[in-house]
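The structure appears right after this line, and notes come after that.
The values are calculated or read from the model by the stated rules, or taken from the named source; none is laboratory data. If you're wondering where the values come from, they're calculated on a predicted model, not measured in any experiment. Here the Cβ is made from the backbone with ideal geometry for all residues, glycine too, and neighbour counts use every protein chain on show.
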Amino acid sequence: MVNSFWKLVLSVVLLAGISCSKEKDMVQTMSLFSATLNGSALNSGLQGVALDAEVVLVFSKGVNPVNFQTAFSISPQPQDISFAYTNQSSRVTVSMTLDYATTYNLSVPVTAIGVNNEQLENELRYSFTTLEDGTIYRLPPCTAATNDCLQSLHYGQNPGGSLPFYASFPIFEDNAEWLDLTAAIIVVHGANRDADNYFSYLSTTLQQENLSDKVALIAPSFQNDAEAEGDEFYWTNTGWRSGNNSLDANDVSSFELVDAIIDRLADKSHFPVLEKVVITGHSSGALFAHLYGAANKAENRHPDLQFEYISANSQYFYYPGDERINESSNELFFPSGCTGYNFYPLGYNVVPDYVAGTLEMEFNDQFVHRSITYLLGNGNTPDPALNTTDCSATLLGSSRYKRGENMYQYMELKYPSEHNHSRVLVEGIGHDGKGMYQSPEFRTYIRQILN
């Protein structure tokens with residue numbers, strides 16, 4: 001009995017010792033959340049990396065700067081290298097000056113780099129190669145709507161102004177000859193003027209379709225007075241969507257600025273293989289795309305480019321005539337009792353300066369024959385932004401979806417054999433930009449256009 005008791009005590013002591021030993025042997029770990037190089041995802045094998053390089057590593061926990069810099073290795077050693085730590089040192093930015101045509105190998109081993117001596121869970125190991133010479137031929141796309149992707153178009157003189165925009169490639173880089181970019185998409189935000197969100201929506205879709213390496217994605221930001229800084233152009237909250245002139249001293253049309261972006265894309269010395277330009281927008285941006293499709297001067301200036309205009313879930317449409325669609329009978333009729341129903345942007349009356357530069361007959365001819373697609377979501381979610389009070393708006397249709405259907409029906413009835421408009425239905429999606437641009441229907445359609 002005594003022996004059994006001491007055996008039990010000994011067993012408990014041994015188990016306790018093993019447990020304590022295991023606890024001592026347990027190592028706290030940390031992991032890498034994300035890694036980017038110059039705003040793009042850092043993956044081994046990247047080519048054409050700019051000489052002024054910035055690697056950003058985001059960890060699950062804060063790092064000890066001394067331990068991290070001891071563990072960090074890059075070979076060959078860059079000319080200059082510096083480290084910056086933010087977000088309680090969980091975000092490490094490594095800035096470097098690199099050499100041309102050089103392959104660099106970057107690594108961080110499994111070792112203790114955490115503030116509390118946490119050990120890195122998995123080894124980090126990447127390789128990338130810098131530009132061959134002073135000319136940029138290709139770069140990994142910038143895919144996140146951060147300052148890394150934010151650029152600016154300077155336009156005008158004495159002194160001129162600037163239009164901020166997000167872009168997946170530095171399209172105004174003078175030392176660039178883009179050998180892989182065969183198309184460009186210009187996506188225009190809605191009434192919230194959230195260019196960053198729309199850049200993100202389309203960026204995700206292009207990545208999912210494996211198109212981001214050959215398509216330049218551009219998202220201009222048409223700001224109001226309260227949002228604009230410095231020399232940035234600004235408009236009323238809605239004037240930009242109709243091509244109106246800016247309210248600043250430059251007095252420039254929003255359409256003219258997109259023309260300038262397209263002029264750059266058409267420059268064969270910088271974009272030698274670019275063949276297609278897609279202009280699209282959702283909601284208020286859809287009205288922009290719809291009107292710009294008829295009004296712009298860029299398409300006539302660049303006949304070697306293929307242009308496509310995609311209007312997603314607009315509530316307003318331009319009609320090249322006085323008739324509208326009777327929604328009950330699907331027939332044309334002439335409205336009465338609604339003064340101003342044909343004022344711009346719903347018709348060619350009281351047009352802004354940019355549009356006035358094109359005669360009505362020519363404007364309507366361009367509208368009919370240019371390639372315009374109506375991307376229509378037929379979901380029935382609430383739509384508080386829909387204008388249901390003005391008679392000029394209610395003449396267009398009873399809902400946002402029906403207004404798009406009526407516009408297309410008008411073209412079918414009025415120009416049955418000559419119009420170049422089309423329609424794509426997005427099942428179950430309502431007034432939702434992300435839902436529209438990431439829908440299977442849009443992905444299929446954009447793949448057909450760009451491939």
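Out of 233, 199, report the one residue that is touching a Gly at 6+ places or on another chain (Cβ under 9 Å), among the hydrophobic types (A, V, I, L, M, F, W, C) and modelled with pLDDT of 95 or more.
233 is the lone residue from the list that is touching a Gly at 6+ places or on another chain (Cβ under 9 Å), among the hydrophobic types (A, V, I, L, M, F, W, C) and modelled with pLDDT of 95 or more.
Enumerate the pairs (first residue in segment 275-298 and within 13 Å of residue 261 (Cα to Cα) and not assigned by TED's automatic domain parsing to the domain that holds residue 206; second residue anywhere and at pLDDT 95 or above and among the hydroxyl-bearing types (Ser, Thr, Tyr)) with beta-carbon separation below 9 Å, excluding pairs fewer than 6 apart on the same chain, so at least 6 apart or on different chains.
Matching pairs, first to second residue: none at all.
Quick check on this structure: which one of 304, 259, 263 is over 23 Å from the mean Cα position of the chain (by Cα) and more than 16 Å from residue 169 (Cβ to Cβ)?
304
Considering only residues that are without any contact (Cβ under 8 Å) to a residue 12 or more places away in the chain and over 19 Å from residue 336 (Cα atoms), look in segment 383-421 and name the one that is nearest to the chain's Cα centre (by Cα).
Among those that are without any contact (Cβ under 8 Å) to a residue 12 or more places away in the chain and over 19 Å from residue 336 (Cα atoms), it is 384.
If I filter segment 62-70 for residues that are hydrophobic (A, V, I, L, M, F, W, C), under 29 Å from residue 145 (Cβ atoms) and not assigned by TED's automatic domain parsing to the domain that holds residue 178, do I get at least one hit?
yes
Which members of segment 412-433 meet the condition of being polar (S, T, N, Q) and either touching a helix residue (DSSP H, G or I) at 6+ places or on another chain (Cβ under 7 Å) or assigned to a loop (DSSP other than H, G, I, E, B) (or both)?
417, 420
Test each condition in (1) of a type outside the set (A, V, I, L, M); (2) without any contact (Cβ under 8 Å) to a residue 40 or more places away in the chain; (3) within 29 Å of residue 275 (Cα to Cα); (4) touching a strand residue (DSSP E or B) at 6+ places or on another chain (Cβ under 7 Å) for residue 333 and report the one that comes out false.
Single failed check for residue 333: (3).
Could you please tell me which pairs satisfy a Cβ distance under 7 Å, a separation of 6+ or placement on different chains, a first residue in segment 41-66 that is closer than 13 Å to residue 93 by Cα, and a second residue that is modelled with pLDDT under 90?
53/38; 54/38
Among the candidates 339, 389, 381, which residue alone is touching a Gly at 6+ places or on another chain (Cβ under 6 Å), over 30 Å from residue 257 (Cα atoms) and of a type in the set (Ser, Thr, Tyr)?
Answer to the check: 381.
Suppose the filter is closer than 25 Å to residue 401 by Cβ and part of a loop (DSSP other than H, G, I, E, B); does residue 191 pass it?
yes
Evaluate the following for residue 266: is it farther than 27 Å from residue 435 by Cβ and touching a strand residue (DSSP E or B) at 6+ places or on another chain (Cβ under 6 Å)?
When the stated conditions are applied, residue 266 does not pass them.
Among the listed residues 386, 395, identify the single one that is assigned by TED's automatic domain parsing to the domain that holds residue 290 and either modelled with pLDDT under 95 or out of contact with any helix residue (DSSP H, G or I) (no Cβ under 8 Å at 6 or more places or on another chain) (or both).
Among 386, 395, only 395 is assigned by TED's automatic domain parsing to the domain that holds residue 290 and either modelled with pLDDT under 95 or out of contact with any helix residue (DSSP H, G or I) (no Cβ under 8 Å at 6 or more places or on another chain) (or both).
Looking at the structure I just gave you, is residue 229 in a loop (DSSP other than H, G, I, E, B), surrounded by fewer than 23 Cβ atoms within 10 Å (Cβ to Cβ), in the same structural domain as residue 345 (by TED's automatic domain parsing) and not hydrophobic (A, V, I, L, M, F, W, C)?
So residue 229 fits the description; yes.
Just to be sure I understand the filter: pairs with C-beta atoms under 8 Å, separated by 6 or more residues or on different chains, first member in segment 191-203 and in the same structural domain as residue 166 (by TED's automatic domain parsing), second member part of a helix (DSSP H, G or I) and surrounded by fewer than 17 Cβ atoms within 10 Å (Cβ to Cβ). Which pairs pass?
197/434; 201/434
So, residue 375, is that one of a type in the set (A, V, I, L, M) and more than 22 Å from residue 348 (Cα to Cα) or not?
When the stated conditions are applied, residue 375 passes them.
Starting from residues that are within 21 Å of residue 421 (Cα to Cα) and in contact with a Ser or Thr (Cβ under 7 Å, 6 or more places away or on another chain), keep the ones in segment 345-369 and report whichever is surrounded by the fewest Cβ atoms within 10 Å (Cβ to Cβ).
Among them, the one singled out is 346.
Given 202, 181, which one is buried (at least 21 other Cβ atoms within 10 Å of the Cβ) and either at positive phi or in a loop (DSSP other than H, G, I, E, B) (or both)?
Every option except 181 fails the conditions.
Could you tell me whether any residue of segment 136-152 is free of Cβ contacts under 8 Å to residues at least 12 places away in the same chain and either over 21 Å from residue 49 (Cβ atoms) or out of contact with any helix residue (DSSP H, G or I) (no Cβ under 9 Å at 6 or more places or on another chain) (or both)?
Within segment 136-152, one or more residues are free of Cβ contacts under 8 Å to residues at least 12 places away in the same chain and either over 21 Å from residue 49 (Cβ atoms) or out of contact with any helix residue (DSSP H, G or I) (no Cβ under 9 Å at 6 or more places or on another chain) (or both).
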